[in-house]
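Enquirer: Pasting a structure below so you can have a look.
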Amino acid sequence: RRARALVRQLARLLDEGDGAAIDVLEQSATALAAGLGVAVFEQVTAAAHQFDFETALARLRAGAP
């Protein structure tokens, strides 16, 4: 599934501290929100936009199916 592949890609970028994670969040917002749930997606996005990739990754892992 596309959402699962996006979550894996996003997790890798966040783990590496790569700012491209924000691009993935923005470009794939609909698919990620559908795959993660809106609340988790919003938490991950908020943390990433503050460049708190560690928290974003933790929220992603906690909420990912």
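The values are calculated or read from the model by the stated rules, or taken from the named source; none is laboratory data. Nothing here was measured: the structure is a model prediction, and the numbers come from that model. Positions of Cβ are generated from backbone atoms using ideal geometry, with glycine treated the same way; all protein chains shown enter the neighbour counts. SASA here: full protein model, heavy atoms, side chains in, ligands and nucleic acids out. Shrake-Rupley method; radii C 1.70, N 1.55, O 1.52, S 1.80 Å.
Enquirer: For the stretch 12-34, how many residues meet the condition of being open to solvent by 20 Å² or more (accessible area, probe 1.4 Å) and in contact with a Leu (Cβ under 7 Å, 6 or more places away or on another chain)?
Expert: Adding up the residues that qualify gives 3.
Enquirer: So, one more: ALA3 is checked against (1) more than 11 Å from ALA64 (Cα to Cα); (2) open to solvent by less than 20 Å² (accessible area, probe 1.4 Å) and fails just one. What number does that condition carry?
Expert: (1) is the only condition that ALA3 fails.
Enquirer: Please identify the pairs in which a residue from the stretch 42-65 that is under 14 Å from VAL24 (Cα atoms) and free of Cβ contacts under 8 Å to residues at least 12 places away in the same chain has its Cβ atom under 9 Å from the Cβ atom of a residue that is in a helix (DSSP H, G or I) and open to solvent by 90 Å² or more (accessible area, probe 1.4 Å), counting only partners at least 6 apart or on another chain.
Expert: Qualifying pairs under 9 Å: ALA46/ARG59.
Enquirer: Of all residues being open to solvent by 20 Å² or more (accessible area, probe 1.4 Å) and part of a helix (DSSP H, G or I) in the stretch 37-46, which is farthest from ARG59 (Cα to Cα)? Just the residue, please.
Expert: VAL38
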